[in-house]
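Structure record follows, encoded as structure tokens.
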Protein chains: 6
Amino acid sequence: MKISARNAMKGIVKSVVPGMVTTEVVIEVAPGLEVVSVITKSSSETLGLKVGDQAYAVVKASDVMVAVD
Amino acid sequence: MKISARNAMKGIVKSVVPGMVTTEVVIEVAPGLEVVSVITKSSSETLGLKVGDQAYAVVKASDVMVAVD
Amino acid sequence: MKISARNAMKGIVKSVVPGMVTTEVVIEVAPGLEVVSVITKSSSETLGLKVGDQAYAVVKASDVMVAVD
Amino acid sequence: MKISARNAMKGIVKSVVPGMVTTEVVIEVAPGLEVVSVITKSSSETLGLKVGDQAYAVVKASDVMVAVD
Amino acid sequence: MKISARNAMKGIVKSVVPGMVTTEVVIEVAPGLEVVSVITKSSSETLGLKVGDQAYAVVKASDVMVAVD
Amino acid sequence: MKISARNAMKGIVKSVVPGMVTTEVVIEVAPGLEVVSVITKSSSETLGLKVGDQAYAVVKASDVMVAVD
């Protein structure tokens with residue numbers, strides 16, 4: 001599947017912390033650059049995510065803000 | 001200001017393409033890793049974003065999906 | 001690519017209306033049930049979307065609200 | 001109330017799974033087509049959602065991505 | 001329609017600026033407190049929004065970040 | 001940090017309810033006007049949010065819908 005989301009950052013799963021409904025997943029997309037995601041617990045289970053897996057952090061362009069110092 | 005968004009990726013603005021209401025901003029957050037953002041044109045102007053500036057791509061954790069090959 | 005977004009509704013592209021930065025895409029996901037999407041114009045062009053194509057409307061579960069009459 | 005969200009898909013609540021802060025709600029919006037939502041637990045309780053209820057899955061157009069095979 | 005979005009701030013439309021696909025709408029929800037929205041142009045037209053109208057700014061709780069100084 | 005999110009409503013934290021992965025935070029941004037946020041538990045802890053603190057509810061313009069009666 002090819003998706004319209006402009007941002008698909010390839011990386012390695014660093015942690016998977018499940019709650020009751022949602023799960024927090026951390027992906028290292030570049031050396032020292034981690035992206036944190038909260039997805040449904042069922043999605044995480046369906047994808048079978050575990051530490052060390054290769055995965056993508058996917059973000060729609062309209063969900064990215066810009067900040068400056 | 002310190003924000004709850006878990007993801008603030010520091011980088012360099014590579015392009016700023018304004019439309020009538022929204023503007024597309026591309027930030028390189030690691031070598032070869034670009035993040036695309038669509039923000040309001042007025043926000044882009046208020047921040048004074050231009051190519052070569054240092055900026056952050058900011059994303060709320062609940063807006064990050066995870067994909068696997 | 002297999003994505004964590006819980007909702008991927010398969011359908012047929014009914015219209016593609018480009019603006020300067022964003023494009024509105026309408027997908028019929030069931031008889032008489034259309035889903036409207038606004039994506040970046042560049043994504044729409046990369047995907048090569050045109051009327052009559054098969055496509056999926058993809059939505060993260062945390063972006064779905066519930067309403068009652 | 002009439003809302004700007006372009007997508008309001010009418011259906012039947014198939015499941016309601018509460019966590020501590022959020023609740024997962026599944027709505028069947030067409031035969032065999034389910035939409036999964038994560039809302040706050042308090043919203044779910046305020047709406048009084050339960051299996052078998054009629055409800056709408058509401059999504060803002062900018063939160064819909066498009067994918068192709 | 002009663003919606004799960006926890007935030008529905010009642011106010012007065014201060015401006016409506018249409019683009020080609022999206023429209024920027026500003027609503028004053030308390031004295032001196034304005035909320036800016038970008039919706040599809042077609043939604044804005046369907047709602048018939050114009051300056052001086054009473055309207056609500058509606059936001060899903062998962063789309064609200066928190067910041068501190 | 002100066003962010004592109006058009007909406008930053010200053011207020012007082014009224015409640016902080018942690019779950020396992022997410023935390024619900026309520027901020028009163030004007031007399032009688034509360035905004036509800038769901039953020040990651042870790043963000044809430046990093047910010048050190050507690051009742052009575054001054055804080056901002058921050059929302060991207062594309063995440064604000066408009067409704068009329």
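In the stretch C:23-69, what residues are of a type in the set (Asp, Glu) and in a strand (DSSP E or B)?
Quick first cut of the stretch C:23-69, residues of a type in the set (Asp, Glu) only: C:24, C:28, C:34, C:45, C:53, C:63, C:69.
Selection gives C:GLU24, C:GLU28, C:GLU34.
I'd like to verify a number: residues in the stretch E:45-56 that are more than 7 Å from every other protein chain (Cβ to nearest Cβ) and surrounded by 22 or more Cβ atoms within 10 Å (Cβ to Cβ), how many?
Count: 0.
Looking for whichever is closer than 19 Å to F:SER4 by Cα and more than 10 Å from the chain's Cα centre (by Cα) here; the options are E:SER37, E:SER62, E:SER4. Which one fits? Don't jump to the end; show me each part of the working.
On the way: E:SER37 fails: more than 10 Å from the chain's Cα centre (by Cα); E:SER4 fails: closer than 19 Å to F:SER4 by Cα.
That would be E:SER62, the only listed residue that is closer than 19 Å to F:SER4 by Cα and more than 10 Å from the chain's Cα centre (by Cα).
Here are the criteria: (1) over 28 Å from D:VAL38 (Cβ atoms); (2) facing another protein chain (nearest Cβ under 7 Å). Tell me which single one E:LYS2 does not satisfy.
(1)
What number of residues within the stretch D:8-26 are buried (at least 22 other Cβ atoms within 10 Å of the Cβ) and within 21 Å of C:VAL26 (Cα to Cα)?
Within the stretch D:8-26, residues that are buried (at least 22 other Cβ atoms within 10 Å of the Cβ) and within 21 Å of C:VAL26 (Cα to Cα) number 1.
Looking at this structure, is C:VAL35 over 30 Å from A:GLN54 (Cα atoms) and in contact (Cβ under 8 Å) with a residue 24 or more places away in the chain?
On the way: over 30 Å from A:GLN54 (Cα atoms): yes; in contact (Cβ under 8 Å) with a residue 24 or more places away in the chain: yes.
Yes: the conditions hold for C:VAL35.
Which one of these is free of Cβ contacts under 8 Å to residues at least 60 places away in the same chain and not in a strand (DSSP E or B): D:MET9, D:MET20?
Values: D:MET9 fails: not in a strand (DSSP E or B).
So the residue among D:MET9, D:MET20 that is free of Cβ contacts under 8 Å to residues at least 60 places away in the same chain and not in a strand (DSSP E or B) is D:MET20.
Just to verify a result, which residue in the stretch C:27-36, among those that are more than 14 Å from E:LYS41 (Cβ to Cβ) and touching a strand residue (DSSP E or B) at 6+ places or on another chain (Cβ under 8 Å), is nearest to the other protein chains (Cβ to nearest Cβ)? Break it down stepwise before answering.
Quick first cut of the stretch C:27-36, residues more than 14 Å from E:LYS41 (Cβ to Cβ) only: C:27-35.
If we keep only those that are touching a strand residue (DSSP E or B) at 6+ places or on another chain (Cβ under 8 Å) as well, we get C:27-31, C:33-35.
Values: C:ILE27: 7, C:GLU28: 11, C:VAL29: 7, C:ALA30: 3, C:PRO31: 8, C:LEU33: 5, C:GLU34: 8, C:VAL35: 5 Å.
Residue satisfying both the conditions and the ranking: C:ALA30.
If you check C:LYS41 against the conditions, is it more than 7 Å from every other protein chain (Cβ to nearest Cβ), in contact with a strand residue (DSSP E or B) (Cβ under 6 Å, 6 or more places away or on another chain) and under 27 Å from F:ALA67 (Cα atoms)? Can you show your working first?
Numbers: more than 7 Å from every other protein chain (Cβ to nearest Cβ): yes; in contact with a strand residue (DSSP E or B) (Cβ under 6 Å, 6 or more places away or on another chain): yes; under 27 Å from F:ALA67 (Cα atoms): yes.
Criteria met by C:LYS41.
Test each condition in (1) under 11 Å from the mean Cα position of the chain (by Cα); (2) within 14 Å of chain B (Cβ to nearest Cβ) for C:VAL16 and report the one that comes out false.
For C:VAL16, the failing item is (2).
Considering the stretch E:13-34 alone, what residues qualify as being at pLDDT below 95 and hydroxyl-bearing (Ser, Thr, Tyr)?
Within the stretch E:13-34, just E:THR22 meets the criteria.
Is it the case that some residue within the stretch C:57-64 is surrounded by fewer than 17 Cβ atoms within 10 Å (Cβ to Cβ), facing another protein chain (nearest Cβ under 7 Å) and farther than 24 Å from E:GLY19 by Cβ? Before the answer, list the steps.
Our first condition is that a residue be surrounded by fewer than 17 Cβ atoms within 10 Å (Cβ to Cβ); within the stretch C:57-64, this holds for none.
There is no residue in the stretch C:57-64 that is surrounded by fewer than 17 Cβ atoms within 10 Å (Cβ to Cβ), facing another protein chain (nearest Cβ under 7 Å) and farther than 24 Å from E:GLY19 by Cβ.
The values are calculated or read from the model by the stated rules, or taken from the named source; none is laboratory data. Small disclaimer: the values here were computed from a predicted structure and weren't measured. Cβ: placed from backbone, ideal geometry, glycine included. Neighbour counts: every protein chain shown.
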